[in-house]
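Remarks on the structure that follows.
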Amino acid sequence: MKNSGTIIKITLAVFLFLCLLKMPYGFYEFVRFLSLIGFGLLAYKAKEENKNSEMIIFTSLALLFQPFFKIALGRELWNIVDVIVGIGLILSSGRLFFTKRNN
């Protein structure tokens, strides 16, 4: 499944952007679990493709968002992190949207 990484990235970006809205606390916990799993899968995929820089980035993001030992940044700073990571995910999956396809 070649585009599975892109699907994971777009899904995570959407959920991170939804975190900017006022949501119940359970939603944020769900996003943390989803992010841990999603970034973990992206790190694994990057490792398989020998993309060590991407592997380190995705592993770091999995650790940042993991729900077990929470990093208290405050709502405003988490919003900034969510936006930066969401934009980064969209840009890194941009090859799917901006490349020409040969028919």
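For (1) among the hydroxyl-bearing types (S, T, Y); (2) more than 14 Å from the chain's Cα centre (by Cα), each residue gets a yes or a no:
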position	(1), (2)
V31	no, no
K51	no, yes
S60	yes, no
F69	no, yes
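Taking the listed residues L61, L77, L41, L16, the one that is in contact with an Asp or Glu (Cβ under 6 Å, 6 or more places away or on another chain) and either within 17 Å of N3 (Cα to Cα) or not in a loop (DSSP other than H, G, I, E, B) (or both) is L16, with no other qualifying.
Within region 69-91, residues that are without any contact (Cβ under 8 Å) to a residue 40 or more places away in the chain reach partners that are surrounded by 13 or more Cβ atoms within 10 Å (Cβ to Cβ) and of a type in the set (A, V, I, L, M, F, W, C) with beta carbons closer than 7 Å, at six or more positions or on different chains, in the pairs I71/L64; L73/V81. Summed over region 1-50, residues that are among the aliphatic types (A, V, I, L, M) and closer than 16 Å to G94 by Cα total 7.
Just so you know, all these numbers are worked out from the coordinates, no wet-lab data involved. Note that the structure is predicted; figures quoted are calculated from it, not measured. Here Cβ is always computed from backbone atoms with ideal geometry, including for glycine, and neighbour counts include all displayed protein chains.
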